[in-house]
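To start, the structure itself, in structure tokens.
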């Protein structure tokens, strides 16, 4: 509290611009998870945010070929964590990507699509829009 | 960051991982596992007790490893999965593809039994 006693409302938004390198994507995802744990968010939700950010950012770098850094923000609201990711890569709506088949024989498994499939099961909602040549992704994770 | 150490457990070997298995560290693990397959250990147990995070890139390494193990008729088991890592394996439908044990010694015993029965 400051000496005059007026208490400014704290907005718990954590934000980063993430360069288009796998190392930076991975580090930003881990840092977001760390931030959430430090703020008292339960381990399960912090882990889901870490996992979702790692998968979405690395996916964008590998396949979306963005020209500029992606904008990542993490906000803690009363009953959830809201992750926003914005990039200028190719248009891609992860909410529409089909679930991959998961046969029990490892030889029949294709390596792709696994990350997004796991993310969609971990989080409560996923919203995608394409605006002004940019992908806008909002992931909501129950706390 | 991922630290990879080995502990021989004749006729197999335990690989002890510590850190995060993500898109950066997964290729390091893949290379180490390839080297171990070439070294002809009868079986490999991967100890994930000190791994707090496994991304899909990490799952793909284990999937590739399961395929190689099948082809080379080597035993492969995982042990000491932390709850959040176990959840990732489950959501990926990957738990039926692996022998998963609570302790490395149980994993080695199961693999020894399995090769004796074969």
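Values quoted throughout were computed directly from the atomic coordinates according to the rules given, and no laboratory measurement underlies them. All of these numbers come straight from a predicted model, not from anything done at the bench.
Taking each DSSP H run with n ≥ 4 as -39500 (n - 2.57) and averaging over every residue of chain B yields -14500 deg cm²/dmol at 222 nm.
Across chain A, the fraction of Cα-Cα pairs farther apart than 22 Å, rounded to a whole number, is 42%. If you run the Gaussian network model on chain B, springs between alpha carbon atoms under 10 Å, then out of B:31, B:18, B:68 the most flexible one is B:31. The distance linking segment B:82-105 with segment A:82-126 is 20 Å (Cα centroid to Cα centroid, whole angstrom). Against chain B, whose longest principal axis comes from its Cα atoms, helix B:26-38 is set at around 10 degrees. Averaging 1/r over each pair of different alpha-carbon atoms in the protein assembly as shown and inverting the result gives 19.6 Å, the Kirkwood hydrodynamic radius. The angle between the Cα long axis of helix A:22-38 and the longest principal axis of the Cα atoms of chain A comes to about 50 degrees, rounded to the nearest 10.
Build a GNM of chain A with springs between Cα atoms under 10 Å apart, and of A:59, A:105, A:20 the one that fluctuates most is A:105. Per residue, the convex hull spanned by the Cα atoms of segment B:2-117 amounts to 87 cubic angstrom.
Relative to the longest principal axis of the Cα atoms of chain A, the long axis of helix A:43-59 makes an angle of roughly 60 degrees.
What value, in deg cm²/dmol to 500, does the helix sum -39500 (n - 2.57) over DSSP H runs of n ≥ 4 give at 222 nm once divided by the residues of chain A? So the calculated ellipticity at 222 nm is -9500 deg cm²/dmol.
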